[in-house]
Structures are given as C-alpha cells and as structure tokens.
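Presented below is the structure to which this report refers.
The values are calculated or read from the model by the stated rules, or taken from the named source; none is laboratory data. Remember, it's a predicted structure, so these values are computed and weren't measured experimentally. With ideal geometry, Cβ positions are generated from the backbone for all residues, glycine too; neighbour counts draw on all protein chains shown.
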Amino acid sequence: MRVILGAGAALALIGAAPLAAAQTTGTVDITGSVGERCEFTIDSGLITLGELSGTGGALDAAVVNGASDTLNGWCNGTAAEMTVEAHALQNITYVGAPPAGFETVVNFTATATATPSGGPVSANDSSAVAGAGAPSVVGVFSSDIDVVLSAAATPGGGKLIAGSYEGSVDVTLTPSP
Amino acid sequence: MRLTAIILGLAITGLATAAVAQTAADGQAAVTGSVSNVCVLGAPSPAAINLGQLSSTSGPRAGKLSTIADQTVNLPSSWCNFGGTRLSISSTALLAADTSTPPPGFTRAVNFNSSVTTWGSPNAQVTTNAAANGSSATANGDSGVQADPRAASLSLQLSQFSAPGDGFLVTGAYAGSVTITLGPE
C-alpha cells in the first residue's frame, strides 16, 4: 500500500511540471495476452441406432451409415486442430468370445466436421484401427461440429449376437500441436 | 526506479499468463444400438416325404407294414443369435384317412421316431405311440439347452417305422407330420 501511494505521488509531480519547467513524460505500458484455447459449448451427444441386425441376422449397415449427432465448440488459435477417435459398438450383454459365424462388434468410421469461416474442415477415424485418426487444422472457429457415421461393418460379416451394443465417438480440439 | 519496477512486474505477469493458458477440449457422442433375440429355421428340404406303398403286397408280411427306409430332411442355415435355446419336435403318427375304428388285428396308424441332431445335448428325439385306432397319435420331444448362440444345418431323421401290434394296415391314404420349433428354453 505504501509503495503504490509513492508511485502515485511521483506521477502527480510530473503532471504538474509543465507549469514550472520543460515537459517530461512518463509512460506506463500495459500488456496482456490471450492463451490458445478450445472449448465445447455442447460436449456430449447420443446416437441411438435401434435394431442393428437385418434379414439373416447380420448387420444392417444402413442403420448405422448416415446416423449423426451435433456437438458445438470453438478454438481461438490459428493452429488449432481437431481429431476424432471412433470406438466400435460392442455387445455389452454377451460375455465371452462369439461362436463361429457370430459377431459382437460393429466397426464404423466417424467423421466430425467443423465450419470455420474458410469452409468446412473434417477429421475422421475408423474404429477398426486403434487410436485416433489424423488431426485436421481447424484454426479459429466457433461452430457446430457434426458427427456422422459411415462404413459400418462387422469384422467377419457374421450374424450379430443379441443384446445391447455401445460405442462412442470422441472429438478432441487441441489449441496447437 | 520504483515505477520501473512496477512496469516490469506487469510485463512478467502477462508472459506468465500466456504460458499456461493452452486448453484442449473433448466432446463425445455416445452410440448405442441393440440386437433382438432371433431364431431362424432353414426351409426343410424336402418339404414333404412320400413313403409310397406302406404295406407289403406279397410274402409272409403281405398286408402288414413293409420295411421303410430311414428318411432325412435337412434344415440348412438354422440359427439362434442368443444362448439358452431349445429345439422341440412334435410328431404325429401316420394315420389312415378313414377314421373308422379298425377291426381287431388291423391298424390305421404307423408310428415312427423323429430325431434332430446338433442342437443342444441331448438331441431332440421322440417316437410316436399311436394306438391301432389312431388315438394318442402326437408325441413331443425336446432337446437339451443350447447354451450359446449357434448357426448350423440341422438334420431331421425319421426312422423305426412300425405299426401298433404289427397289425394289418387298413387301406387308404395315410398322412402324418413333424413340426420342429427352435426357440427360447
């Protein structure tokens, strides 16, 4: 408290100086910064596919392909990237390895599309390959992020075992690589 | 000097803010689906069996049931996509179209055994036990429980054809049936 008052007094003296002598100026520089940042305004969604099997008991890919949901987010840095990691639909009811000719996994490709001012930017990933897909530079943007499923398939093309299936699509916005 | 110190302090504060403020974000869309319990029996091949002439027409067994060869019906591409299923057989003996009670020594029924392999343990099997007059013509048999989902080509075998009391068969057309059901135990 004492220090601030001292500085204030010095400034007051400088301001009064022109009346008595040559002008002099003191400058206070003011700086700040904005960190690179990404956030989701809507960070969760749910894609309910319903019955997955078709005639003959195998996957009805048309149920999965084209299914979608919408997240919403933004990034404030020009180097911001978006990545997608798709996690396959897994039968959470059936325990153990499936018998010959049956399947408990449905793979798919997930594509997330953000819309910076320069035009849509997409990133995708296949659940059949471990890990996230390649990042795409989205830069500065604030928009919906549309998540669309495609290329649905089971590993062996067999019949799906009855039960409930769960998977997910993770979308990550990273301020800079 | 004191003012300089304050300005320098502000500059340092600004740099520190820039260094810690990178923030990534994660969003997630959950994906759910389901698969219903389903059992499918392949179309039987052949869908009907014609045994032809049932009784011997000459020799010591003339008028009585002749030797009838075992019959096989295939049900390809049968499956259930869930565990805990059972195969059931409901067989009805071959009965003469003439429903009149046959005289002593005669019969209007031909019994047989039905069995289906490769679903559950033990396999489903049943033998009809119709009386000479055709009563109690239907019998049922179940397999053991099939614990896991299964896809298989099933085989229904008809065998052990016999007439009650080895009686003489009344004349006319005969018809019987076998119904197979695949479903939850």
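Looking only at residues in the stretch A:1-59 that are modelled with pLDDT under 95 and in contact with a Lys or Arg (Cβ under 9 Å, 6 or more places away or on another chain), which one is farthest from B:Gly42 (Cα to Cα)? The qualifying residue farthest from B:Gly42 (Cα to Cα) is A:Ala10.
With respect to the conditions (1) surrounded by fewer than 15 Cβ atoms within 10 Å (Cβ to Cβ); (2) part of a strand (DSSP E or B); (3) without any contact (Cβ under 8 Å) to a residue 40 or more places away in the chain, B:Gln125 lacks only one, and its number is (1).
When each of A:Glu85, A:Glu166 is tested for being surrounded by fewer than 18 Cβ atoms within 10 Å (Cβ to Cβ), in contact (Cβ under 8 Å) with a residue 12 or more places away in the chain and over 17 Å from A:Gly54 (Cα atoms), the lone residue that passes is A:Glu166.
Taking the residues in the stretch A:60-82 that are surrounded by fewer than 21 Cβ atoms within 10 Å (Cβ to Cβ) and among the β-branched types (Val, Ile, Thr) as candidates, determine which candidate is farthest from B:Gly42 (Cα to Cα). Of everything passing the filter in the stretch A:60-82, A:Thr78 is farthest from B:Gly42 (Cα to Cα).
For A:Ala132, the conditions (1) over 15 Å from B:Ala24 (Cβ atoms); (2) of a type in the set (Gly, Ala, Ser); (3) not in a strand (DSSP E or B) are fulfilled apart from (1). Go through the residues of the stretch B:77-86 one by one and say whether even a single one is modelled with pLDDT under 95 and surrounded by 12 or more Cβ atoms within 10 Å (Cβ to Cβ). Yes, there is a match, as at least one residue in the stretch B:77-86 is modelled with pLDDT under 95 and surrounded by 12 or more Cβ atoms within 10 Å (Cβ to Cβ). Answer yes or no: is there a residue in the stretch B:135-156 that is within 23 Å of B:Gln71 (Cβ to Cβ), hydroxyl-bearing (Ser, Thr, Tyr) and not in a strand (DSSP E or B). Yes; the residues of the stretch B:135-156 include at least one that is within 23 Å of B:Gln71 (Cβ to Cβ), hydroxyl-bearing (Ser, Thr, Tyr) and not in a strand (DSSP E or B).
Quick grid of which residues meet (1) closer than 30 Å to A:Phe108 by Cα; (2) touching a Cys at 6+ places or on another chain (Cβ under 9 Å); (3) of a type outside the set (Asp, Glu):
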| residue | (1), (2), (3) |
| --- | --- |
| B:Thr32 | yes, no, yes |
| B:Cys39 | yes, yes, yes |
| B:Leu54 | no, no, yes |
| B:Thr57 | no, no, yes |
